[in-house]
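One structure below.
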Amino acid sequence: MASSAPPRPPDAAPPHKARPPYEPDPVLARRMLLTMFLVLLVYAATALPFFLLGAVWGLAAVAAAVVLAAAVCRYTDRLALWAAEGREVTADREPELHAIVERLCVSADLPKPRVAVSDLAAPNAFAAGSGPGAAVVCVTRGLRERLTPEELAGVLGHEMAHIANRDVLVASVAAFPSMCAELFLRFWLGLARRLATLPIAVLLAPVALAVLPLHLVGLVTSLALSRYRELCADTTGTLLTGRPGALAAALAKIHTGMADAAPADRRALRPVNALCVARAAPDRRRPPELLCSHPSLERRTARLTLVSQRLADGG
Amino acid sequence: MGFLDTLLGRSKPVKPDLDRLFALPTAAVTLEAAAGFTPTGLGSVCFRAPEGGAFARLQRDVQELLDADEGPAVEFSTDDYGYTWLLARHAPEDLPGLVTDLHAVNATLEAGGFGPHLLCSLVGFQGPDGRRLALVYLYKRGTFYPFAPLPGDRRDNALELEVRGAVGADLPFEDDLGRWFPVWGAPGL
């Protein structure tokens, strides 16, 4: 063999031609589209009464909703950090956390989000912000203490996937009608409780009756959407780290840790529950799947095992 | 990422352009003329080895591929964060050979379906005063940026910007300074 070998052609006989292990899941995609269609119907049902009042009223209601939604999206990161008692940390303070996030950013081709740490002892993590340009990831002290660096990378990969997929935006949009409906129902209940305002409450009773099913349907659909997005973020996060096993191990630890966490900690995480890597609701017993923002641990583990198997099979 | 992908919550890996690596020898000539930095003959590829046996097989193939042409063997190492670095050594004047090796590693991993796990490749340079410098190629973005470490985990930002001024025209440079991620202690630096 000549010592000065000519440059090898770049794609000379790949040794193992393999199927990429991260094909999009068509079943999940179909279900998600169906759920989004339902969200759209909820929106239409919300706007319809205003349009019945007149085109101007309808357009005004739509405009108000858009402005409110935009404001929610813009300030969601600050609000979430404040609620979970998180504070931003620099690379000097938390070099390991920053290094993990930076590597995930390179893998995901995302700009680096801000990194925050919360002093809560309950192990959890969340991402907030409307999109990759303005995002923040936050981990709690409890999470850092319990997880190995590899498991931490798995969790942060899941959060980076949420950022890449703009899940916070999607979730806010989906939850918006039911949130508005809830606000109205609370307002109406307040009216009904006081004798002086009771006549107004009676007058508004038909509206409240119409809003109630809207609230319930909106809640159920937005929760269903949230569960699908969690499953997607698990898979995409694994695409960044290549270690579905590490994420599954981390999820198991987080679930145990959250069950043992102090009620005050779980209450602090409750406002950001939908953004968290695992459910943060303060009750020990799990409500039925339909009313959960996150899929069950078993379901998530099963999916991660599937990715593991594909990787083991040769990609 | 397309609208539908955003809607469905899935990310597609970008299609990278590995041939951009071949612009490095030209840039090295410019860099030496402008700032006196010469290649060290060391270069490395960083990737995340996923779990499972398939990747171990692929890793062996890469090693055999590079060891085949009587050059010095490549070295594998794992860093603190579980990423694998593959270090290739060539004579300092044989930058084209080094770049060809780095290209081959990237192409082999990519062909094996492990493109999503490739992070970056880098080529080391040394200044007349002993200062170290790396030109880092971001696989996902197809862009280059300089990384110049100083003792005590600090970066020589002035030198990095000077390097961009010198070779910015020869290489597709990373415009977003926020993505000039540090690669502390990378093999080949």
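The values are calculated or read from the model by the stated rules, or taken from the named source; none is laboratory data. Small disclaimer: the values here were computed from a predicted structure and weren't measured. Every residue, glycine as well, gets a Cβ built from its backbone with ideal geometry; the counts of neighbours run over all protein chains shown.
Tabulated data for the structure shown
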{"read-out": "Condition broken by B:Gly2, with the remaining ones in (1) under 14 Å from the mean Cα position of the chain (by Cα); (2) surrounded by fewer than 18 Cβ atoms within 10 Å (Cβ to Cβ); (3) modelled with pLDDT under 90; (4) not basic (Lys, Arg) satisfied", "value": "(1)"}
{"read-out": "Some residue of the range A:235-253 being crowded, with 17+ Cβ neighbours inside 10 Å, within 14 Å of chain B (Cβ to nearest Cβ) and either of a type in the set (Asp, Glu) or not in a helix (DSSP H, G or I) (or both)", "value": "yes"}
{"read-out": "Residue match in the range A:259-276 (condition: part of a helix (DSSP H, G or I), touching a Lys or Arg at 6+ places or on another chain (Cβ under 7 Å) and over 16 Å from A:Pro149 (Cα atoms))", "value": "yes"}
{"read-out": "Listing of helices (runs of 4 or more DSSP H) fully contained in the range A:132-222 that carry 3 or more residues being within 30 Å of A:Thr241 (Cα to Cα) and within 14 Å of chain B (Cβ to nearest Cβ)", "value": "A:149-164, A:167-193"}
{"read-out": "Residues (farther than 30 Å from A:Asn124 by Cα, among the small types (Gly, Ala, Ser) and exposed (fewer than 12 other Cβ atoms within 10 Å of the Cβ)) located in the range A:36-71", "value": "A:Ala44, A:Gly54, A:Ala55, A:Ala63"}
{"read-out": "Qualifying residue in the range A:243-265 (condition: under 20 Å from A:Leu79 (Cβ atoms) and modelled with pLDDT of 80 or more)", "value": "yes"}
{"read-out": "Test: residue in the range B:51-68 that is outside any helix (DSSP H, G or I), within 10 Å of chain A (Cβ to nearest Cβ), surrounded by fewer than 20 Cβ atoms within 10 Å (Cβ to Cβ) and modelled with pLDDT under 85", "value": "yes"}
{"read-out": "Total residues in the range B:107-138, condition β-branched (Val, Ile, Thr) and closer than 25 Å to B:Pro151 by Cα", "value": "2"}
{"read-out": "Any hit, the range A:218-228, residues being farther than 30 Å from A:Phe50 by Cα and in contact with a Pro (Cβ under 8 Å, 6 or more places away or on another chain)", "value": "yes"}
{"read-out": "Answer from B:Ala186, B:Ala107, B:Ala134 - the residue that is more than 24 Å from B:Ala56 (Cβ to Cβ) and either among the aliphatic types (A, V, I, L, M) or under 14 Å from the mean Cα position of the chain (by Cα) (or both)", "value": "B:Ala134"}
{"read-out": "Boolean, B:Ala107 is away from chain A (no Cβ under 12 Å) and either in a loop (DSSP other than H, G, I, E, B) or of a type outside the set (Asp, Glu) (or both)", "value": "no"}
{"read-out": "Residues within the range B:21-50 that are crowded, with 21+ Cβ neighbours inside 10 Å and within 12 Å of another protein chain (Cβ to nearest Cβ), tallied", "value": "5"}
{"read-out": "Among residues of the range A:208-234, those that are surrounded by fewer than 18 Cβ atoms within 10 Å (Cβ to Cβ) and touching a residue at least 40 places away in the same chain (Cβ under 8 Å), counted", "value": "2"}
{"read-out": "All positions within the range A:72-129 that are under 18 Å from B:Leu119 (Cα atoms), surrounded by fewer than 24 Cβ atoms within 10 Å (Cβ to Cβ) and of a type in the set (Gly, Ala, Ser)", "value": "A:Ala99, A:Ala108"}
{"read-out": "Within the range A:84-106, tally of residues that are of a type in the set (Lys, Arg) and farther than 21 Å from A:Gly237 by Cα", "value": "2"}
{"read-out": "Every residue from the range B:78-104 that is among the polar types (S, T, N, Q) and over 15 Å from the mean Cα position of the chain (by Cα)", "value": "B:Thr78"}
{"read-out": "Pairs where the first residue, in the range A:296-315, is more than 8 Å from every other protein chain (Cβ to nearest Cβ) and the second is charged (D, E, K, R) and buried (at least 17 other Cβ atoms within 10 Å of the Cβ), C-beta under 7 Å, 6+ apart", "value": "A:Arg300/A:Asp234; A:Arg303/A:Asp234; A:Leu304/A:Asp234"}
{"read-out": "Positions within the range A:239-269 being of a type in the set (Ser, Thr, Tyr) and out of contact with any Ser or Thr (no Cβ under 9 Å at 6 or more places or on another chain), in sequence order", "value": "A:Thr256"}
{"read-out": "Where a residue in the range B:58-69 is closer than 10 Å to B:Leu109 by Cβ and its partner, wherever it lies, is assigned to a helix (DSSP H, G or I) and among the hydroxyl-bearing types (Ser, Thr, Tyr), with Cβ under 9 Å and at least six apart", "value": "B:Leu58/B:Thr108; B:Asp61/B:Thr108; B:Val62/B:Thr108"}
{"read-out": "Subset of the range B:116-146 that is in contact with a Leu (Cβ under 7 Å, 6 or more places away or on another chain), within 11 Å of chain A (Cβ to nearest Cβ) and not in a strand (DSSP E or B) - its residue that is surrounded by the most Cβ atoms within 10 Å (Cβ to Cβ)", "value": "B:Tyr139"}
{"read-out": "Candidates A:Val117, A:Val72, A:Val101, A:Val106, filtered to the one that is part of a helix (DSSP H, G or I), more than 14 Å from chain B (Cβ to nearest Cβ) and either within 24 Å of A:Ala262 (Cβ to Cβ) or out of contact with any His (no Cβ under 8 Å at 6 or more places or on another chain) (or both)", "value": "A:Val72"}
